[in-house]
Amino acid sequence: MKKNILLTIEYDGSSFHGWQRQPDRPTVQGHLEEALSSLLREKISLNGTSRTDAGVHALGQRASFETSSGIPAGRIALAVNNALRSREEGAFAGSPVRVISSEEKPVGFHARFDSKGKRYIYRIRNSAVNDVFSRNYVYHVDRPLDVAAMKEAAVCLEGVHDFKSFEASGGTPRKTTVRRIFDLDVVETGRNNDKRTAGDGLSIPGKEAAAGFSGDIEISVSGDGFLYNMVRIIVGTLVDIGLGKMMPGTMTDIMEARDRRAAGHTAPPYGLYLAEVYY
């Protein structure tokens, strides 16, 4: 008798060409399916909730699959994590993918189609320089951002709206571009204590704060669904507003335009994290 298993997964997306399986490129889905198929001795096909792009990370991706294995549902996470670690080269190498939990769900449950919404986090480093160790995990903006203006503009996006202006071309066609944003928060999470400035390896402590840099900024957005690159375009637009290229009040005009050209730039993928899936 087959069991329906739901996985909660975290991964470092910088090593992969996105979530969705591709024939000639490493993807999170393909990497995990190979490990599961070998472990459970049957072909496993995962139904992921979000098809994250290349470079995008996850703190709480969800994926379901069916299996005839006798391994208890709650033990699959431990077993597959051991299998993932064994696939890495080097004595101390760790896997860029980890299954946080595994649980049995009713027959017919589908990780994607039963989802009621998602929450994404986008991380920005607002400083004169960025260290090489965080380059794949934050969007480095090297000019001071007006966080208050970004917060003012973000409020306009909450609620039910047509987000056509925040949809990139190339995605799967949707029946409607109307979505509900539950909440959108722009938060300064900590002052960047890096003492360097551009072209200056020994600057005075606190110089960046005095220059108006915000340090680390986290944008959290949750909603009932998202269009292709919608979160990254929202973030890019908020950054443009923070840089003074647009006024906060133009956010309503951007939505009413229903035209991608009206919005700001698309923020890079590596600052984006799929944080949570709602059921």
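Quick note: the coordinates plus some simple rules give every number you see, no bench work behind them. All of these numbers come straight from a predicted model, not from anything done at the bench.
Brief remarks on what is shown
- Translational D in µm²/s for segment 117-278 (Stokes-Einstein at 4 °C, 1.567 mPa s, Kirkwood Rh from C-alpha pairs): 80 µm²/s
- Under Karplus coefficients 6.51, -1.76 and 1.60, residue-wise ³J(HN,Hα) of segment 32-39 in Hz, glycine/proline x: 6, 5, 4, 5, 5, 4, 5, 5
- Rounded to whole numbers, the Karplus 3J(HN,Hα) couplings from phi for segment 97-109 are 10, 9, 8, 6, 7, 9, 8, 7, 10, x, 4, x, 5 Hz, using 6.51 cos²θ - 1.76 cosθ + 1.60 with θ = phi - 60°, and x at Gly and Pro.
- Coordinate range along principal axes, alpha carbons of segment 1-119, Å, largest first: 37, 32, 25
- Comparing Cα centroids, segment 224-245 and segment 115-182 end up 4 angstrom apart.
- Computed with the Debye formula from one identical point scatterer per Cα of the chain, without solvent, the log10 of I(q)/I(0) at q = 0.09, 0.11, 0.12, 0.13 Å⁻¹ comes to -0.49, -0.70, -0.81, -0.92.
- Near Gly264, the amide H atoms lying under 5 Å from its own belong to Thr237; only residues 5 or more places off or on other chains count, and H is placed 1.01 Å from N.
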